[in-house]
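The values are calculated or read from the model by the stated rules, or taken from the named source; none is laboratory data. Please read these numbers as outputs of a predicted model, since none were measured by experiment. Virtual Cβ from ideal backbone geometry, glycine too; neighbours counted across all protein chains shown. Calculation scope for accessible area: heavy atoms of the full protein, side chains included, ligands and nucleic acids excluded. Shrake-Rupley method; radii C 1.70, N 1.55, O 1.52, S 1.80 Å.
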There are 2 protein chains.
Amino acid sequence: MTMQDARTREIGWHKSYLTGSRPDLRVPVRQVHLTSGQDVTLYDTSGPYTDPSLETDVRRGLAPVREDWITGRGDTEEYPGRPVRPEDDGLKSASPGAGLRNLDAVFPGRPRLPRRGLPGQPVTQLAYARRGEITAEMEYVALREDVPPEVVRDEIAAGRAVLPANVNHPEIEPMIIGKRFLVKVNANIGNSAVTSSIEEEVDKMTWATRWGADTVMDLSTGRNIHTTREWVLRNSPVPIGTVPLYQALEKVDGRAEQLSWEVYKDTVIEQAEQGVDYMTVHAGVLLRYVPLTARRKTGIVSRGGSIMAAWCLAHHRENFLYENFEELCDILAAYDVTYSLGDGLRPGSVADANDEAQFAELRTLGELNTIAKRHHVQTMIEGPGHVPMHKIKENIDLQQEICEEAPFYTLGPLTTDIAPGYDHITSGIGAAMIAWWGTAMLCYVTPKEHLGLPDRDDVKTGVITYKIAAHAADLAKGHPGAQAWDDALSDARFEFRWEDQFNLALDPDTARSFHDETLPAEPAKTAHFCSMCGPKFCSMKISHDIRRTHGGADGGTGGDADGEAAGVTEPDIAAGMAQKSREFAAAGNRVYLPLAD
Amino acid sequence: MTMQDARTREIGWHKSYLTGSRPDLRVPVRQVHLTSGQDVTLYDTSGPYTDPSLETDVRRGLAPVREDWITGRGDTEEYPGRPVRPEDDGLKSASPGAGLRNLDAVFPGRPRLPRRGLPGQPVTQLAYARRGEITAEMEYVALREDVPPEVVRDEIAAGRAVLPANVNHPEIEPMIIGKRFLVKVNANIGNSAVTSSIEEEVDKMTWATRWGADTVMDLSTGRNIHTTREWVLRNSPVPIGTVPLYQALEKVDGRAEQLSWEVYKDTVIEQAEQGVDYMTVHAGVLLRYVPLTARRKTGIVSRGGSIMAAWCLAHHRENFLYENFEELCDILAAYDVTYSLGDGLRPGSVADANDEAQFAELRTLGELNTIAKRHHVQTMIEGPGHVPMHKIKENIDLQQEICEEAPFYTLGPLTTDIAPGYDHITSGIGAAMIAWWGTAMLCYVTPKEHLGLPDRDDVKTGVITYKIAAHAADLAKGHPGAQAWDDALSDARFEFRWEDQFNLALDPDTARSFHDETLPAEPAKTAHFCSMCGPKFCSMKISHDIRRTHGGADGGTGGDADGEAAGVTEPDIAAGMAQKSREFAAAGNRVYLPLAD
């Protein structure tokens, strides 16, 4: 199990906390101890599971660290809440066997009444920020991102960033999504009608955050959907997103035309009371856009988009989410659920990228973004999908313009369709580029995309690939602190500090095991050469020899040689050259120093 | 063994040939047969090994398909050649055990005298192109790239493309490297002092080309270096590159200061006679540039660069490759060995990217490029390395300007240093971008980079990752034919033709096995839903239903609905809407048609 794994892994690093203005404001960091004596502080998404001083129990859930902040604001109330029904788990009351199974699975943790804003009170971080308040959550993310809290507040107030934090999800460690901050990564989990179990999904969530997922979307469908979500929420240190339409569809037995605003609204309230932090809402799929997809190579590929399109056509009425959008805003504002306005008409192949259907919907999302903001609802905008490299920049530029710089949240995009089995890579390329250009959060893609359901290994590979894309973008954007991580690893590499390289790596386990395959002996980890080249061909070793005799960062015999040699422009053998040659011989004599050196 | 693998894999595709103006000009292609009845023709690098009608024997080597073209030109002569010495394999004559081992390993294939240009005759494709000739090799690549042969000739004549084809490597299937053509991928193989064997290296070569490597560099060091190269060359359908400095260093027992022009020249001739098609030459590492690296974060990371830097400092003389560059040009011109001007001072960390040392060397490479061209030697320029995304474009732009658009051949670049174990991905991102902007060939990076020696799986992962990068760039550049491959796969995906998706995939084996993990049953491969979503949530299925009732590519009840629905701008329920709703119900009634549909 994940918790156990995490606790036995603490070689070379430990969990530490930055403390804010109040004792219960403790921001976790991963403190890496280098053999050089320095410490490197890294952002940490892994939650209490990697803190050996904390007891965690998946059957009880995580401690509600935000509870005092929420109640302290005095603008929410507890209330009985909507009763949980068998249909919430996709069960018929006439199906006793299934009902029993559900009863067994029910989350055993402490009951807590749901909470919502006092009547007419938007309790969103956006509302607070607009009033000039710096909440505990904002201070938390400011410490986490190493920026002044005023910057956090102002970015949220301007709608350029969101801080997804449902008042019913007090367990989260707050995080922020916006282009001014570190690029974030979302991992999707979720059982499906075909396979998977509740325990697997909770494990995938903790596993994904262990490797760096900043948020997790529970895309479960089928049975036990309510109960699975409860387990995930109560154990999640990161914000949880959902697509309420999936559960709504289950409630009408998978018949899209039977969907209604009432069923949808009921589902949104159900999920908001549980604590879902952001919801994908496909309100931009308008009836008149659907025919624009008819001649596409791959039609509509968003599940939510295709469901709403089918509903629109079945009734020949406008999308009920679009028609009831203002009411939906008021519901979300009462819990501080963040909108993730879904791109139901995103392209499903590079051939369909940037077409009329896609951009028509984007313009509608811009309109909805304005409405949501009027209701003080935090909002981000979802983006593609499948886009060849030369068409990526247009996506982010247009989105930023149309949606007043609301955070863009993209799925990849995949830059080619020819590599099923490797779509984490086809999309990691596009993800890095679009994030560099301003996308705030990247939804990961696993190697199983288009082929099957991701297992544990796939989840890890997807998260690591997307952390690479996100960090490459942070570097390219010049995010303060991003370069320091690379520098620490490069220094360790140049100085043959293998253990430091492993501990600084995004995936220490893989780095260490790859090294051990070629040179398994323990002394090899302190050897002054890499296994690729062997001792004679090691360029870094030669570089050290050069420094030793010709100055440079690690000292040596003469820093003076630097400027002098730089002044040499003629290749002739001068007297000074002969002297330098003798100095080189005298200082090290051999180009390759002994390994113990 | 690879050959066996390849021959049992021919489900859904077969090897085919395009024929040129002469019967011995046969360009291999991979012909994929779709269940829809169409055929898709793909570029094929796998050589005779995937042609079941051909007998191959690694101990005899491949058929010399180019031999008649070379001799037919009448500008070369056979000659006795340089005698092979024990030192060529890193053996001392005083070491009988090692000598025996070498004797056992010696390549048993038919002896062939080396060949070179008649005195004073450059026999390079560049010289021919400048004279206006279209050689058989040029016609071959024109067919392969689906462009007029004149384009091939003109690009080579302008120095914007190279066609690496040593007169002593008649076994190759010619290919071209230039920004006007498909982006190419090189795979590195090579034993090292630490591990590996001859058989392993030959197997890695055929394995790499099986997955799409366009050229292979043999970077062997240590023992049996000459013999390993002979086996690789005689069995390689793709151009082989080397770094002659590695072998030269072995000849002086690894002591860089003992290197000399004479030892290097001897090695170049030895390798040219064997048939090496292109050579990395570190002639741009000038004495005065070495101190520029002293304060870098990671010094000099190119093996060849660090060796030449050490030599320069040991003697305090100018790089002997730079000083003897014109003589080297004449040697290469006599065999048509292509220069790959090495970037010995490339950055080894994102911190060192685009610095003074790197660009100083690039300017010298520009100077050498001009000299090489004067001697009719085909030339490409090597590039970094480690470069954050925002500094990548400057590299290709500067190189193209300084080197008169000579093909750029880059290693990655890695866009971040924090992910050892995943550097195929950190660099695949940079590779795709720099190729889009004009890089002609990408040197692959495997997951083991910086950690250990790649095994068979790593070679495959590296090649596939780089084929993705190359193809994503082809798409973004609008290369004719690139989009057709994606379209064929997207069509297959939308139409649930699973077998076609697998057969069109860059890696059919992995795509098929990932699919089978979730839905192993044979009927699942024709099922009209994906395993990710299950039948109820399949967006593509819903899209088909929409098309069926609302027109579009796959027919249905009414193409007329298209324009009509597009005209709907008011969300009210009109009489026409009710009518459309009834039509939808009448046509399919259920949104989800039976699976057998």
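Evaluate the following for B:Arg116: is it within 25 Å of B:Ala482 (Cβ to Cβ), open to solvent by 30 Å² or more (accessible area, probe 1.4 Å) and modelled with pLDDT of 95 or more? Spelling it out, it is not the case that B:Arg116 is within 25 Å of B:Ala482 (Cβ to Cβ), open to solvent by 30 Å² or more (accessible area, probe 1.4 Å) and modelled with pLDDT of 95 or more.
Considered as a group, the residues in region A:199-252 that are modelled with pLDDT under 95 and at positive phi include one that is surrounded by the fewest Cβ atoms within 10 Å (Cβ to Cβ), and that residue is A:Gly222.
Considering only residues that are assigned to a loop (DSSP other than H, G, I, E, B) and at the interface with chain B (Cβ under 7 Å from one of its Cβ atoms), look in region A:413-446 and name the one that is most open to solvent (accessible area, probe 1.4 Å). Selected residue: A:Tyr422. Scanning region A:448-457 for residues that are open to solvent by less than 10 Å² (accessible area, probe 1.4 Å) and more than 7 Å from chain B (Cβ to nearest Cβ) yields a count of 0.
Counting only residues that are surrounded by 19 or more Cβ atoms within 10 Å (Cβ to Cβ) and under 20 Å from B:Val238 (Cα atoms), region B:121-146 holds 15 of them. Determine if region B:383-403 includes at least one residue that is modelled with pLDDT of 95 or more, part of a helix (DSSP H, G or I), within 14 Å of another protein chain (Cβ to nearest Cβ) and more than 23 Å from A:Met433 (Cα to Cα). No - not one qualifying residue is present in region B:383-403. Whether a residue is of a type in the set (Ser, Thr, Tyr) and over 24 Å from A:Asn186 (Cα atoms) was assessed, and A:Thr338 does not pass this test. Take the residues in region A:253-277 that are at pLDDT below 95 and open to solvent by 10 Å² or more (accessible area, probe 1.4 Å), then tell me which one is farthest from the other protein chains (Cβ to nearest Cβ). The residue in question is A:Asp253. Of the strands (runs of 3 or more DSSP E) lying entirely inside region B:144-242, those carrying at least 1 residues that are small (Gly, Ala, Ser) and in contact (Cβ under 8 Å) with a residue 24 or more places away in the chain are B:184-189, B:240-242.
Can you pull out the residues in region A:10-35 that are open to solvent by 60 Å² or more (accessible area, probe 1.4 Å), over 17 Å from A:Thr135 (Cα atoms) and not in a strand (DSSP E or B)? Of everything in region A:10-35, those that are open to solvent by 60 Å² or more (accessible area, probe 1.4 Å), over 17 Å from A:Thr135 (Cα atoms) and not in a strand (DSSP E or B) turn out to be A:Ile11, A:Thr35.
One line per residue, one yes/no per condition, for (1) among the polar types (S, T, N, Q); (2) buried (at least 24 other Cβ atoms within 10 Å of the Cβ); (3) more than 7 Å from chain A (Cβ to nearest Cβ):
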residue: B:Met279; (1), (2), (3): no, yes, yes
residue: B:His282; (1), (2), (3): no, yes, yes
residue: B:Val290; (1), (2), (3): no, yes, no
residue: B:Gly304; (1), (2), (3): no, yes, yes
residue: B:Leu313; (1), (2), (3): no, yes, no
residue: B:His316; (1), (2), (3): no, no, no
residue: B:Tyr322; (1), (2), (3): no, no, yes
residue: B:Cys329; (1), (2), (3): no, no, yes
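Comparison of B:Glu382, B:Glu367, B:Glu326 shows that the only residue that is of a type in the set (Asp, Glu) and under 23 Å from the mean Cα position of the chain (by Cα) is B:Glu382. Taken together, the residues in region B:300-341 that are among the polar types (S, T, N, Q) and over 20 Å from B:Gln258 (Cα atoms) amount to 2. Check region B:155-172 and report whether any residue there is open to solvent by less than 10 Å² (accessible area, probe 1.4 Å), within 23 Å of B:Tyr409 (Cα to Cα), among the basic types (Lys, Arg) and within 20 Å of the chain's Cα centre (by Cα). So far as region B:155-172 goes, no, none of its residues is open to solvent by less than 10 Å² (accessible area, probe 1.4 Å), within 23 Å of B:Tyr409 (Cα to Cα), among the basic types (Lys, Arg) and within 20 Å of the chain's Cα centre (by Cα).
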